[in-house]
Amino acid sequence: MKIAIEGCCHGELDKIYSTIEFIEKENNYKIDLLIICGDFQSVRNVKDLESMAVPEKYRSMCSFWKYYAGISKAPILTLFIGGNHEASTYLKELPYGGWVAPNIYYMGYANVINFNGIRIAGLSGIFKSNDFFKGHYEFPPFNRGSLHSIYHVRNLETFRLSQIKNPIDIMITHDWPSGIYHHGNIDELLRFKPYFASEIESNTLGSPENEKLLKLLKPKYWFSAHLHVKFSCIFKHEKISESVESKTTKFLSLDKCLPRRKFLQVIDIGNETDPEKKCLSLDPEWLCILKKTDHLLSVESYNKAPIDKSENLTITDKDLDEIKEDFQDCFEIPPNFKQTAPPHRENSNEQVESKDIYLNEQTTLICEMLNIRDPIRVILEKKGKTSIITESTTQLYNDLLDEDD
């Protein structure tokens, strides 16, 4: 299979898809999956721009809204994680992942997804130590602090990822693992980004949590973006024993989508499969992890103690059998995208009326299937809207969101 990797999207979906079309024609092959490593900017309408942490001059509708509205259709199955420049009100609806438009799937705060035998893990956001031990408390309208903290990685997600025992083929993060630059051509990196020198010297460039996950999960590939430069290396893991060959991780970071920038690369991975059967599937082990760690979910704005090692999980055959029974042994993700906020109207002087936040039926479904909680509903319950928690349909939840606090 051929998988295209793209660095920072910055809302330029049309340009990315046209580049892929050009590559396919030039090389006479088809790309099976597109992975975007953050800064996707899933802006549905003008109001969504208010939740994007970028200077005013960069707040642009770009092209995603056309895919959301159904005017355009993604020509290739697209999978992405969040970065630090996102339409946070929309992504907040999908903490466990979901379709943001037909054929475009967001991985949520963290996730493991299967694509035709390829196991893909993802972690959205960037690391900031000040917010790492906080809960997912952010709720629109955002203030200056929460506008930025909402995309900061939390201890809960890295803990969940650390519980994975089965092999990972691809790991996707927005920021780099700390220290990864020591395993490639640092001189070439500094030639393009000389201001990285002090952070490299102090080993503070990148995420220390990503470094831990790299050494723990040992994926075959690790893809990142964020620093707007192409950089690749091979990370050699420590040997477990002399009789076992040490594993390696191929690391690649790519630039943002601009002319004459190295923002896209195609890799061959896995075997050729039936074009009609190329789909995304939920991962049973990950579903077990979500279910068994729901009690650790927090929506508090203060720092909590690090998650204790006593919380480490053992996923048993019984756990997996129960998940298989609950899902009737069918983990293929259905194409159940549905608009929540109204889409932008081109060539219209009227701004569409959009609420601060919506509850998403995709999140409702996965929460009901796993008996886990939606962070938005937990926050609403704290705000005193307990009726929203007990009602049975997402549409009614969204109607109730129009009520005053």
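Just a few scattered comments:
- Scaled radius of gyration (Cα, divided by 2.2 N^0.38 Å) that the stretch 147-207 gives: 1.39
- Ranked packing of 171-183, 69-81, 118-130, most packed first, by mean Cβ within 10 Å: 171-183, 118-130, 69-81
- Taking only protein heavy atoms and a 1.4 Å probe, the accessible area of the stretch 100-245 is 51% carbon and sulfur.
- Here the dipole of the chain is about 1120 debye; that uses its Cα centre as origin and unit charges on the Cβ of Lys and Arg (positive) and Asp and Glu (negative).
- Net charge over other residues, Cβ less than 9 angstrom from the Cβ of H226 (K, R count +1; D, E count -1): -2
- Accessible area expressed per residue, the chain, with surrounding protein chains retained (probe 1.4 Å, Å²): 47 Å²
- The helix-only estimate of mean residue ellipticity at 222 nm for the chain, built from DSSP H runs of length n ≥ 4 each weighted as -39500 (n - 2.57), is -7500 deg cm²/dmol after division by the residue total.
- Efficiency of FRET between H295 and E188 - r from beta-carbon atoms, R0 60 angstrom, step 0.05: 0.80
- Here's the list of lysines a cross-link from K215 could span, going by alpha-carbon distance under 24 Å and ignoring same-chain residues fewer than 8 apart: K128, K165, K230, K236, K239, K247, K250, K292, K309.
- FRET efficiency estimate (nearest 0.05) - Cβ-Cβ, D268 to S243, R0 25 angstrom: 0.25
- Extent along principal axes [Cα atoms of the chain; Å; largest to smallest]: 61, 53, 48
- Each other residue within a Cβ distance under 14 Å of H182 adds +1 if Lys or Arg and -1 if Asp or Glu, for a net charge of -3.
- A straight chain from R260 to T314 at 0.36 nm per residue would run longer than the Cα-Cα distance by 14.6 nm.
- Among F159, G82, I234 the positive-end extreme of the charge dipole of the chain (Cβ point charges): I234
- Computed over neighbours whose Cβ is under 15 Å from that of K212, the net charge equals 0, Lys and Arg +1, Asp and Glu -1.
- Most tightly packed first, judged by the mean number of other beta-carbon atoms within 10 Å of their residues, the peptides 46-59, 218-231, 84-97 read 84-97, 218-231, 46-59.
The values are calculated or read from the model by the stated rules, or taken from the named source; none is laboratory data. Remember, it's a predicted structure, so these values are computed and weren't measured experimentally. We place every Cβ from the backbone using ideal geometry, glycine too, and count neighbours over all the protein chains shown. Ligands, DNA and RNA are excluded from the accessible area calculation, which covers all protein heavy atoms including side chains. Shrake-Rupley method; radii C 1.70, N 1.55, O 1.52, S 1.80 Å.
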